[in-house]
Amino acid sequence: MESTIIKSRNFNASFGSNHVVKNVNIDIPRNHVVAVMGPSGCGKTTYLRCINRMHELIPGATCRGMMTINEEDIYTMHPIFVRLKIGMVFQRPNPFPNLSIYDNVIAGYKLNGIKLARAEKDRIVEHSLTRVALWNEVKDSLMKKGAFLSGGQQQRLCIARAVAMEPEVLLFDEPTSALDPISTSTVEDLFHELKANYTLIIVTHNMQQAARVSDKTAFFYMGELVEYELTKDIFTNPRDSRTQNYITGRFS
């Protein structure tokens, strides 16, 4: 029996009068990779940002309905606590340019005023970089700036920064769209390994990527969740004609 970690019920999000996410009901199972796909402007990134309350940082943004993690209402929790449980990795690699690789990994602790002994920092840095298959590549360069790394390495560093806080859920907003094919493949391989310890929710425009990396896929269209099934079923036997049209390229 699958255990649900994130649950939405009649969830809506708006920017002013622009209703972007409409009555979404979805259960995200623990330790799964869930892809969220759909055409530009369909609400998928807004929905993702609502999960860790990034949406509300935009002036005029509102939401209603229910969103929970482990049956606890995300919108009654302190936002900082939410973001400790639910990490996020963005479209373009964004390591802090003035910080070393080492300090990038533990940046979340510093930003949240959490003091750690040096030995504990060392442990977290090695553990987090090992989790994202980056430790062997950078262990002799930890004091170099994060910008010294290649694009793919920078994105894995950003994932390590998120992993370092020991979240339960990792959100990815088109995490490989700025990467070359080899770096993309490395990050995709990483997704399969990370789901042993985390739940991954990945917004992607790339249908092939959704098919490769996810266990379940949600298809959004014009703010609505049209279909949410096992990925193999979405791609081989979609139930809704809009899903069929999207995956066969009849609209994008």
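The values are calculated or read from the model by the stated rules, or taken from the named source; none is laboratory data. Only a predicted model underlies this, so the values are computations on that prediction, with no experimental measurement involved. Note that each Cβ is placed from the backbone with ideal geometry, even for glycine, and that neighbours are counted across all protein chains shown. The protein model used for the area step is the full one, side chains on, heavy atoms only, and it has no ligands, DNA or RNA in it. Shrake-Rupley method; radii C 1.70, N 1.55, O 1.52, S 1.80 Å.
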May I ask you to list the residues in segment 202-211 that are over 15 Å from T45 (Cβ atoms), in contact (Cβ under 8 Å) with a residue 24 or more places away in the chain and open to solvent by 30 Å² or more (accessible area, probe 1.4 Å)? M207, A211
Mind listing whichever residues of segment 129-145 are crowded, with 20+ Cβ neighbours inside 10 Å and touching a Ser or Thr at 6+ places or on another chain (Cβ under 8 Å)? none
Just to be sure I understand, how many residues within segment 111-129 are polar (S, T, N, Q) and modelled with pLDDT under 95? 1
Would you please name the residue that is most open to solvent (accessible area, probe 1.4 Å), looking only at residues in segment 146-164 that are at pLDDT below 95 and not in a helix (DSSP H, G or I)? S150
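Can you tell me which of S177, S214 is of a type in the set (G, A, S) and open to solvent by 30 Å² or more (accessible area, probe 1.4 Å)?
Sole residue among the options that is of a type in the set (G, A, S) and open to solvent by 30 Å² or more (accessible area, probe 1.4 Å): S177.
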All conditions in (1) on the phi > 0 side of the Ramachandran plot; (2) open to solvent by less than 10 Å² (accessible area, probe 1.4 Å) are true of G41 except (2)
Kindly indicate whether any position in segment 146-160 is touching a residue at least 60 places away in the same chain (Cβ under 8 Å) and of a type in the set (A, V, I, L, M). yes
Testing S185 on (1) buried (at least 19 other Cβ atoms within 10 Å of the Cβ); (2) among the hydroxyl-bearing types (S, T, Y); (3) assigned to a helix (DSSP H, G or I), one condition comes back false. Which one is that? (1)
Check whether at least one residue in segment 104-117 is part of a helix (DSSP H, G or I) and loosely packed, with under 15 Cβ neighbours inside 10 Å, and report yes or no. yes
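Residues checked against (1) open to solvent by 50 Å² or more (accessible area, probe 1.4 Å); (2) more than 20 Å from T4 (Cα to Cα); (3) at pLDDT 95 or above:
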residue	(1), (2), (3)
V34	no, no, yes
H55	no, yes, no
P59	yes, yes, no
T68	no, no, yes
Flag for G87 being touching a residue at least 24 places away in the same chain (Cβ under 8 Å), open to solvent by 50 Å² or more (accessible area, probe 1.4 Å) and either farther than 25 Å from F191 by Cβ or among the small types (G, A, S) (or both): no
Close pairs (9 angstrom Cβ cut-off, 6 or more residues apart or separate chains): under 18 Å from N206 (Cβ atoms) in segment 38-50, crowded, with 23+ Cβ neighbours inside 10 Å and acidic (D, E) anywhere: none
Quick test of your reading of the structure: M222 fulfils all but one of (1) surrounded by 16 or more Cβ atoms within 10 Å (Cβ to Cβ); (2) closer than 16 Å to C42 by Cβ; (3) in contact (Cβ under 8 Å) with a residue 24 or more places away in the chain. Name the failing condition by number. (1)
P95 - would you say it is assigned to a loop (DSSP other than H, G, I, E, B) and crowded, with 18+ Cβ neighbours inside 10 Å? yes
It is to be established whether one or more residues within segment 110-119 are within 22 Å of T184 (Cβ to Cβ) and either of a type in the set (V, I, T) or touching a Lys or Arg at 6+ places or on another chain (Cβ under 6 Å) (or both). no
